[in-house]
Structures are given as C-alpha cells and as structure tokens.
Amino acid sequence: MRSQALLAEEVAMNVMYHSENYYVVEFPGNHGIELVDKATGRAGFLEGAVEVKFRASMANLAAGEPTVESVDEFLDGYDALLNHSTCLH
C-alpha cells in the first residue's frame, strides 16, 4: 500500500472550487493555483506570495459558512491577475 505522501505527489491537479463562474485548481507538484473565470474566458496562475495569500484567504472564507455567491465575489477580487485567454481543445 502506498503512503499518503506518495499519493499526494502523484496528483497532477486538484479542483479546489467549481461554480458556474469559476474554477480554482491547485497543482501540488508546481506549488501553484490556476484561477479560471468561465464568463470572461480568462485565467491566471497564482504562485509565490500571491498563492500563499490566496490559500490563507480561501481557508478563512471556508472556515465560515460561505455561499457560492460570497466565494465568487471573493474570486472577483483576483480579476486583474487573470491575463491569459482560455481555449477549448
């Protein structure tokens, strides 16, 4: 049986949040988070200090009883960092 640590390293991505408006995906091996705004078709990769702050803010938000609307409103605050267009393959 594999250890939990080994299994965590093998995970390519983990969907942290999904709504009608947003996807938030973490990439454990890359120490980053991708935020996708479905309505605008834009995405951004958060890393470093921005990723750390984002994770802490999401944890604080999740500690309460967040609604989809409140989480989406929080994610709206990261709109300026979404500078890559998304495309479907």
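General remarks:
- Residue match in the stretch 25-42 (condition: part of a loop (DSSP other than H, G, I, E, B), at pLDDT below 95 and within 12 Å of the chain's Cα centre (by Cα)): yes
- In this structure, LEU6 does not satisfy being assigned to a helix (DSSP H, G or I), open to solvent by less than 60 Å² (accessible area, probe 1.4 Å) and modelled with pLDDT under 95.
- Within the stretch 42-77, being surrounded by 10 or more Cβ atoms within 10 Å (Cβ to Cβ), farther than 14 Å from SER19 by Cβ and not aliphatic (A, V, I, L, M) holds for ARG42, GLY44, PHE45, GLU47, GLU51, LYS53, PHE54, ARG55, SER57, ASN60, GLY77.
The values are calculated or read from the model by the stated rules, or taken from the named source; none is laboratory data. Quick caveat, the model's predicted, so the values are computed rather than measured. Cβ: placed from backbone, ideal geometry, glycine included. Neighbour counts: every protein chain shown. To get the accessible areas, we keep the full protein, side chains included, count just its heavy atoms, and leave off ligands, DNA and RNA. Shrake-Rupley method; radii C 1.70, N 1.55, O 1.52, S 1.80 Å.
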